[in-house]
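Reading through the structure tokens given below for one structure.
The values are calculated or read from the model by the stated rules, or taken from the named source; none is laboratory data. These numbers were taken from a predicted model, which means no experiment stands behind them. Here the Cβ is made from the backbone with ideal geometry for all residues, glycine too, and neighbour counts use every protein chain on show.
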Amino acid sequence: MAAAAPILRNDLETAILTPSLLAARAALLEAKGSAIATFAIDGYEAEVRRAGEALWLIVRRAGQGGLALRAAPLAAGDKAETVKPARNERVHIRTSGALGRFEVRIIVSDAAPSAIRTVMRFTSAAPALIPHLPRDLVPLGKDGDPLNAAGRVEAVQRGLNGGLLYFQLERPDFGNVLYFQNLTALGDYFEASGTTPDAVVGGAWPELGLALPAPPPGAIRDAEPLAAGKPLTLSDAILVLRPDRPEHERDSARQFLQMLGTVYRELDPPTTEFRDWIGRAEATLRDLDGAPEATIRHYGHRYIHPYTAAEYPDAMVQMSITQALHEWGKWQGDPHPLEAEFLAGMGKFRDAERGLIRRYLPNVGDDKDSEAVDSWYLYHPLLNLGRLALGGDRSAKRLFLASLDFGIKAAHHFDYKWPIEYKMTDFSVITETAGADGRGQTDVGGIYAWVMLQAFELTDEKRFLDEARAAIDAAIGLRFNINYQANLTAWGAAACMRLWRITDRAVYLEQSYVYLASFFHNCELWESEIGLAKHYRNFLGATCLQDAPYMAIYECFDSFAAFDQYLADSGPDLDPAARMLVSEYCRYALDRAWYYYPDALPPEAIAEKQRENNGHVDRSLSFPLEDLYADGQPAGQVGQEIYGAGAAFVFATRAFHRVEDAPFLLYCDQFVRASERIGTRTLSLLLDGGETCRARLAFVRLKRRKLPELRVTGVEGDELAADARSSDRIEYQVPASGRLIISWE
């Protein structure tokens, strides 16, 4: 299990004493002699020196304190020498001693915000164990004393999510700091030591940073030693520095996204692959319609099982699939019959007397509390009904509008601060808060606001706009604690962006950054090769809940859909780093989500047993597993999630584009924001990704057609070469942002 999510505070933190902190303090204050290396970067002075039993990188801002990063451990008698740096390095130091050799490379990025990357590699002289290394980052007071430094920690690593630490050093006024540990680079160490990076970045002020995972004390005797002569990366730390501290939580979130964007540009993320989401959607349709495990009949209607041949029909499940089918039919140009069939059964979830959509049908079994509802479950079916209503579906519009007043009544009762679960009869609370962090469903206000904005668009009634604003306003002050469930947070960001467009109040654009910062705080910003995780991708995946140990397909594709709306509403005022991170999340979702499908995994990677009452896994069915784990546990322990089957339709309709009279479909793993036919066989495309990122563009042959000669150029006429070519598909790597010209013969 992942470590519990830390409860982040906003009070000024002062020193908590530990033996390792006091040892580091003494070493730093007593260090004498000249530095091994020095350099400057944009208002900061840096030096590398030996202090006690470590090699330290010390970064100072004149008169405003500093940071000390333990670049490598040393022992008495160890020697350190500088080595000629490679072209991209500022400093290169090699140490040697009885334990083995450490190589320390320091790379500096002068692009704002400033970034210093320190990579430590270790080669053991003999089979060795590393039972414990103290945390590697210490803020320094004005006089160089860690005990005189005070600051605020905004965000630390949660479980197996990105290894980050975001804080402000306020006394003295050093500024804003993002520490990021590139856990991908430590993969060989995790494999060699049998460890995982679960909550390894954090600490108690002022002893912060990475605590390299080691076998627990009781397991040291049986632990495999690190092999002699094999280099391993033990740290790949990136420090991003800003002298200006944020003024409020929205500014803090914006700066976090900018600094995380700087980190992202320093990484070497995995490549993406072309994914045949059209083929996957067609297989999903076949199984939704034909597999007896997929649906069940009640009251003369057809309903979807949430899991394979398991669980009761559910309004959220029914609407999720129905809306995804609607998008597929619109993309195809012909509605699929299942859309109308599934929508027809929604009326039986309706409680006309109280004006609400129930979670379950009236005949639900006694093992379920028919009056209980998770807070977000009340609103998510309305979100998808609203999408259908805005698309012109009259029955969806009637159900949607008739259910809004109860949703508003619930929001008012809870003062826009929803519990985990309550009774729909009288709003009595069943579960107030989650055990991991003592909070309720903190981001339900985001999805509620989106539903209210849909109602405002349908009716032009100002009360709905007022409700949306009230819900978003109530979340101000939650800072990095706003995320409860990833897709709800993503819809909250989209609601903020839409509110900004409607009201022209900058606070809502800024508040969207708070939702985004909380979302990316909950992402696995690394690629795991631990255990069974080597069979799938996890890079940039969001864990589904604030304390969940796994990524889930439903939250993955629903966040993708929300971010499509967010970017569509944004425009040039959106911070470039926010645009890049959102676009990159969506690009990797298209690639990573493929591995939720059991036929994309080897049988040994799938759990033999599923959660009680969640059915079984059938690898022949094109329905995704719910859960993938960065620590290499078997996938699908929760179950095979039929309610996540809409993923294939959502991904296919965003990534594939029809081109009239062309013999191909256009595939792009970045959003295409504009497309214009500027000639008989010439097309202009505008991509909406990060300025420094790449996109995979592919031309996919239509059945019974032949791929033509193609030419892809930038707006200045520079022709791009194909990256891969076959009789069925031609692929290019192109800039993720800007205009492209496509022509064919």
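Quick one: which strands (runs of 3 or more DSSP E) lie wholly within the range 1-113 and hold at least 3 residues that are within 36 Å of the chain's Cα centre (by Cα)?
Details: elements: 37-41, 44-50, 54-60, 66-73, 79-82, 91-96, 100-109.
Passing ranges, in order: 37-41, 44-50, 54-60, 66-73, 91-96, 100-109.
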Quiz prompt | Odd one out for Arg25 among (1) charged (D, E, K, R); (2) in contact (Cβ under 8 Å) with a residue 60 or more places away in the chain; (3) closer than 28 Å to Ala192 by Cα | solution = (3)
Quiz item: Looking at the range 475-510, which of its residues are touching a helix residue (DSSP H, G or I) at 6+ places or on another chain (Cβ under 8 Å), farther than 20 Å from Cys523 by Cβ and assigned to a loop (DSSP other than H, G, I, E, B)?
Solution: Ile476, Gly477, Arg505
Practice problem: For residues that are in contact with a helix residue (DSSP H, G or I) (Cβ under 6 Å, 6 or more places away or on another chain) and among the acidic types (Asp, Glu), scanning just the range 308-356, find the one that is nearest to Ala281 (Cα to Cα). | Solution: Glu327
Quiz prompt | the range 675-699 - residue that is under 30 Å from Thr322 (Cα atoms) and either of a type outside the set (A, V, I, L, M, F, W, C) or over 26 Å from the mean Cα position of the chain (by Cα) (or both) and, of those, modelled with the lowest pLDDT | solution = Asp688
Quiz item: Within the set of pairs 6+ apart or on separate chains, which have a first residue in the range 581-610 that is closer than 13 Å to Asn538 by Cβ, a second that is buried (at least 24 other Cβ atoms within 10 Å of the Cβ) and among the β-branched types (Val, Ile, Thr), and C-beta atoms under 7 Å apart?
Solution: Ala593/Ile553; Tyr596/Ile553
Quiz item: For Val108, all conditions in the list (1) more than 18 Å from Glu207 (Cβ to Cβ); (2) touching a Pro at 6+ places or on another chain (Cβ under 8 Å); (3) modelled with pLDDT of 95 or more hold save one; what is the number of the exception?
Solution: (2)
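Mind counting the residues in the range 317-341 that are crowded, with 23+ Cβ neighbours inside 10 Å and touching a Lys or Arg at 6+ places or on another chain (Cβ under 7 Å)?
Residues that pass the stated criteria total 1.
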Quiz item: Across the range 342-353, what is the total count of residues that are crowded, with 16+ Cβ neighbours inside 10 Å and touching a strand residue (DSSP E or B) at 6+ places or on another chain (Cβ under 7 Å)?
Solution: 5
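Which residues, counting only those in the range 201-218, are out of contact with any Leu (no Cβ under 6 Å at 6 or more places or on another chain) and touching a residue at least 24 places away in the same chain (Cβ under 8 Å)?
Kept after step one, since they are out of contact with any Leu (no Cβ under 6 Å at 6 or more places or on another chain), are these residues of the range 201-218: 202-206, 210-211, 213-218.
Gly202, Gly203, Ala204, Trp205, Pro206, Leu210, Ala211, Ala214, Pro215, Pro217, listed by residue number.
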Quiz prompt | Residue pairs meeting the criteria (Cβ under 9 Å; at least 6 apart or on separate chains; first more than 22 Å from Gln441 (Cα to Cα) and free of Cβ contacts under 8 Å to residues at least 40 places away in the same chain, in the range 380-408; second buried (at least 22 other Cβ atoms within 10 Å of the Cβ) and not basic (Lys, Arg)) | solution = Arg398/Ala389
Quiz item: Out of the range 533-566, which residues are touching a Gly at 6+ places or on another chain (Cβ under 8 Å) and not small (Gly, Ala, Ser)?
Solution: Lys534, Thr543, Asp547, Pro549, Met551, Ile553, Tyr554, Cys556, Phe557
Exercise. Give the number of residues within the range 293-320 that are in contact (Cβ under 8 Å) with a residue 60 or more places away in the chain and part of a loop (DSSP other than H, G, I, E, B).
Key: 9
Exercise. Answer yes or no: is there a residue in the range 145-168 that is among the hydroxyl-bearing types (Ser, Thr, Tyr) and either surrounded by fewer than 17 Cβ atoms within 10 Å (Cβ to Cβ) or under 27 Å from the mean Cα position of the chain (by Cα) (or both).
Key: yes
Exercise. Restricting attention to the range 232-245, report how many residues are surrounded by 14 or more Cβ atoms within 10 Å (Cβ to Cβ) and more than 23 Å from the chain's Cα centre (by Cα).
Key: 6
Quiz item: When the range 418-439 is examined, which residues are found to be within 20 Å of Leu356 (Cβ to Cβ) and touching a residue at least 24 places away in the same chain (Cβ under 8 Å)?
Solution: Trp418, Pro419, Ile420, Glu421, Tyr422, Lys423, Met424, Thr425, Ile430
Quiz item: Quick one: how many residues across the range 206-224 are surrounded by fewer than 21 Cβ atoms within 10 Å (Cβ to Cβ) and either of a type in the set (S, T, N, Q) or over 14 Å from Pro131 (Cβ atoms) (or both)?
Solution: 0
Practice problem: Please go through the range 497-517 and pick out each residue that is free of Cβ contacts under 8 Å to residues at least 40 places away in the same chain and either surrounded by 24 or more Cβ atoms within 10 Å (Cβ to Cβ) or among the charged types (D, E, K, R) (or both). | Solution: Asp504, Arg505
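This table checks each residue for (1) at pLDDT 95 or above; (2) not in a loop (DSSP other than H, G, I, E, B).
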| position | (1), (2) |
| --- | --- |
| Phe167 | yes, yes |
| Tyr179 | yes, yes |
| Ala185 | yes, yes |
| Ala192 | no, yes |
| Thr196 | yes, no |
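Restricting to the range 424-474, and then to whatever is small (Gly, Ala, Ser) and assigned to a helix (DSSP H, G or I), can you tell me which residue is farthest from Leu382 (Cα to Cα)? Lay out the reasoning, then the answer.
So the first thing to find is which residues in the range 424-474 are small (Gly, Ala, Ser), and the list is 428, 434-436, 438, 440, 445-446, 449, 455, 468, 470-471, 474.
With the extra rule that they be assigned to a helix (DSSP H, G or I), the set shrinks to 445-446, 449, 455, 468, 470-471, 474.
Numbers: Gly445: 14, Gly446: 13, Ala449: 11, Ala455: 10, Ala468: 14, Ala470: 18, Ala471: 16, Ala474: 21 Å.
Ranking the qualifying residues of the range 424-474, first place goes to Ala474.
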Quiz item: So how many residues does the range 469-496 have that are on the phi > 0 side of the Ramachandran plot and surrounded by 19 or more Cβ atoms within 10 Å (Cβ to Cβ)?
Solution: 1
Quiz prompt | Test for Asp573: is it charged (D, E, K, R), under 23 Å from Ser528 (Cβ atoms) and in the same structural domain as Gln511 (by TED's automatic domain parsing) | solution = no
